[in-house]
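Derivation of every value follows stated rules applied to the coordinates shown; laboratory data play no part. Small disclaimer: the values here were computed from a predicted structure and weren't measured. Ideal geometry is used to build each Cβ from the backbone, glycine not excepted, and the neighbour counts take in all protein chains shown.
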Amino acid sequence: MPQKLSAMRYIKNNKRRTSVLIVSLCLSFVLTYLTQFLLSTNSETFRTLFEYSPKKIQFVSLAGSSYGLDVDNLSTEELMPLYQAKRLELMEHLREQEGVKKVYYAEVLYGFVQPLVGGLNFEIPLIAKEELPVLLDHFGATLVEGRLPEQPGELVLDRDTVRNNDQYSLNGSFYTGTDLFQIVGIVDCDSYFGCGIPHPELPRTTMITILSEGIDDFGAILAEYGITVRENFDTIVDYQTCHQIYETEVLGSLRDSTTFIYLGIILLLSISLFIVYTTYLRDRRDEWCLYCSIGYSRQTIYFSILRELLFTFVTALLLGTVIIGISEFLLYLLMIAPAGLKCRFFSPQAVFEILSSYVLLFGLLQLPVRTALWKIRTIDAIEDDLY
Amino acid sequence: MFEIKNITMIYDMEKAEKVYALGGFDLTLPDKGLIGIIGPSGSGKSTLMYCLSTLKKPTDGQILYNGKNLTSLKDSERENLRRNEFGFVFQRHFLVPYMSAVDNVTVAAAKNDKETTEQAKRLLSGFGLGEKEWNKRPAKLSGGQRQRTAIARAMINQPKVLFADEPTAALDHENAFAVMEILKDYAKKHLVLIITHDRSILKDADRIIELWDGNISAIKGGDTV
């Protein structure tokens, strides 16, 4: 086999130096990926609320004027029967839509979920006792502790909501600011979820509550019905509106901070690696001069340096992947799951961004390598300088 | 083997006062034997060696090696010659500091296989470096051991020509003569060119070429000028 310059010779004999490079690259990889992993608890927790739940349950609340009622010239007594009639008419229309399972006119409480940054309310519908199994079944929620609500003022919450919020516990109270509910059961469910039976004597926010599958845009259904939804007067909680908010407000702001963190890490890494690597290259000048003198071409020397560098990068990435896997598992077990948060273990986007930045870094390090190669002379030139 | 015609090497070409390292002489060298090139510092002996070994390109003249003109070779052809047909012992040993003695020898080998490693070990043993020294790094070897490792490296490909620039300069007398014995033995089948200013180590040379101020001042032994 014709002799190539082995990259492993340097690596095996300079374990400490190579390790420094591998560890610094690896830690940057781990740090960058784990940052996005921790931030994913925000995006994934919010995604459940903004994208999963609105596909199962939707809420509609319209102003009288949106139904076409002349609210300015009608008294409350005159308006209310008309408003109720219009609302019942709309609910009937909604019931006829394909994919709609149930339509209630339900009171709504608000639960609160708090990821690492920020927090979000979600709707807890209060419906009749006999309708609760339908709602639980629609969400695929199963009771895991306690019991289902039987009396007015009782409710169940999902396990993650209870884990996330210290104020919620089994048999504990759920205080709305005006009245008190009791948490009588905990359910297991893919989404943040709650439901209960209303207090008859305490009216609160009431909304048309729809259980459906496969309908994303209730605004379009209302438009077909002749109602134009106005942002300032009406409330529509469906997939279409929630998805837009999620994309612009949640992912938009997270993307900015993630990019900022990535850039900071990559910049620091590039500068430090550039300095360290240039020093390493300078120390090996005589060695390459020898190779050049005894007949190795510059191209052969260049490829051996590239193989060393490639080995360093690939080892750092492999090692980093193992550390990330272990860290994610531990973080999930010790921090994320106990806090009732959702997360994303594998993010193709983050992997792509990190790999791209490493390719960029690999390219950047070609500058000192090419400079070092350019400076290689044969030993006669070195000895000319000496004598 | 080498036919040198009017070899001239001028340093500082761009300056008004040019330095003639080689002043334009002819010389023929045989296929085998121990040839000493001797002369004071600045006489052009190292320059001659570097020109013959293709590390330097002369300003003028021709160097024919087995009929091939070395001055008109492409870079890759010069590299191939240095790689496969020439061996080098430099004044400083230029051993790679992080490699073991064996690795320092095999790094110059044209092939990379078990047989090459065995050959490197045989060479080192032949030069008096025992098994204990094979895996030592240069910093752990004595001056003589380093130089002998450098010679083993130069011989690993069994080169047709071995260039040795002051191979004994850093050695005591005992080590110097031990090294010369090795080179003398190698010169029985190959051409060994030794550059030195120490006449005593050339007592067994087949031919001694004396350089003075870039020109040949005398040749002792042999029959070709």
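Label zone of residue A:95 (point 7 Å out along Cα→Cβ, amide N under 18 Å): in the range A:175-204 this covers no residue at all. In this structure, the amide hydrogen of residue A:102, modeled 1.01 Å from its nitrogen in the peptide plane, lies closer than 5 angstrom to those of A:211, counting only residues at least 5 positions away or on a different chain. Put simply, the amide H of residue B:211, placed in the peptide plane, has neighbours under 5 Å in B:38, B:39, B:217, leaving out anything fewer than 5 places away on its chain. Could you name the aspartates and glutamates in cross-link range of residue A:12, using Cα to Cα under 15 Å and dropping any fewer than eight places away on the same chain? In chain and number order, the partners are A:308, B:103. Which of rounded, prolate, oblate describes the range A:272-361, given a ≥ b ≥ c as roots of the alpha-carbon gyration tensor eigenvalues and a/c under 1.5 marking rounded, otherwise prolate only if a/b is larger than b/c? It is prolate, given that a/c is not under 1.5 and a/b is the larger ratio.
The local environment of residue A:197, defined by Cβ-Cβ distances under 14 Å, has a net charge of -4 under the rule Lys, Arg +1 and Asp, Glu -1.
Translational diffusion of chain B, estimated by Stokes-Einstein from the Kirkwood radius over alpha carbon pairs at 10 °C in a medium of 1.306 mPa s, is 88 µm² per second. Reducing the range B:1-78 and the range A:8-30 to their Cα centroids gives an inter-centroid distance of 44 Å. Residue-wise HN-Hα couplings along the range B:179-195, as the Karplus relation 6.51 cos²θ - 1.76 cosθ + 1.60 with θ = phi - 60° gives them from phi, are 4, 5, 4, 4, 5, 4, 5, 5, 6, 5, 10, 9, 8, 10, 9, 10, 9 Hz; Gly and Pro carry x. What shape does the range B:69-176 take by its C-alpha gyration tensor, where a ≥ b ≥ c are the square roots of the eigenvalues and a/c under 1.5 counts as rounded, a/b above b/c as prolate, and the rest as oblate? It comes out oblate by the Cα gyration axes. Ordering B:28, A:161, A:178 by the number of other Cβ atoms within 10 Å of each residue's own Cβ, fewest first, gives A:178, B:28, A:161. With both residues required to sit in the protein assembly as shown, DSSP beta bridges show an antiparallel share near 70%. Of all lysines in the structure, those lying under 24 Å Cα to Cα from residue B:189, and not within fewer than 8 positions of it along the same chain, are B:32, B:45, B:68, B:111, B:121, B:160, B:203, B:220. Please report the net charge: other residues with Cβ closer than 12 Å to the Cβ of residue B:196, K and R +1, D and E -1. Summing Lys and Arg as +1 and Asp and Glu as -1 gives -1. Here the Karplus curve 6.51 cos²θ - 1.76 cosθ + 1.60, taken at θ = phi - 60°, turns the phi angles of the range A:236-244 into couplings of 10, 10, 9, 4, 4, 5, 5, 4, 4 Hz, with x standing for Gly and Pro. Could you state the number of Å between the C-alpha centres of the range A:178-237 and the range A:110-133? Using only Cα atoms to place each centre, the spacing works out to 10 Å. Dividing the alpha-carbon radius of gyration of the protein assembly as shown by the rule-of-thumb value 2.2 N^0.38 Å gives 1.68.
Taking the inverse of the mean 1/r over every pair of distinct Cα atoms in the range A:52-247 gives a Kirkwood hydrodynamic radius of 17.7 Å.
Close Lys pairs in the range A:52-247 (alpha-carbon distance under 16 Å; sequence gap of 8 or more, or different chains): 5. When the Cα centres of the range B:140-207 and the range B:84-133 are compared, how far apart do they sit, in Å? Answer, in whole Å: 14.
Distances between placed amide hydrogens fall under 5 Å for residue A:110 paired with A:124, all partners being 5 or more residues away or on another chain.
Computed from backbone phi, the HN-Hα couplings of the range A:364-376 come to 4, 6, 5, 4, x, 5, 4, 5, 4, 5, 4, 7, 5 Hz, rounded to whole numbers (Karplus: 6.51 cos²θ - 1.76 cosθ + 1.60, θ = phi - 60°; Gly and Pro given as x).
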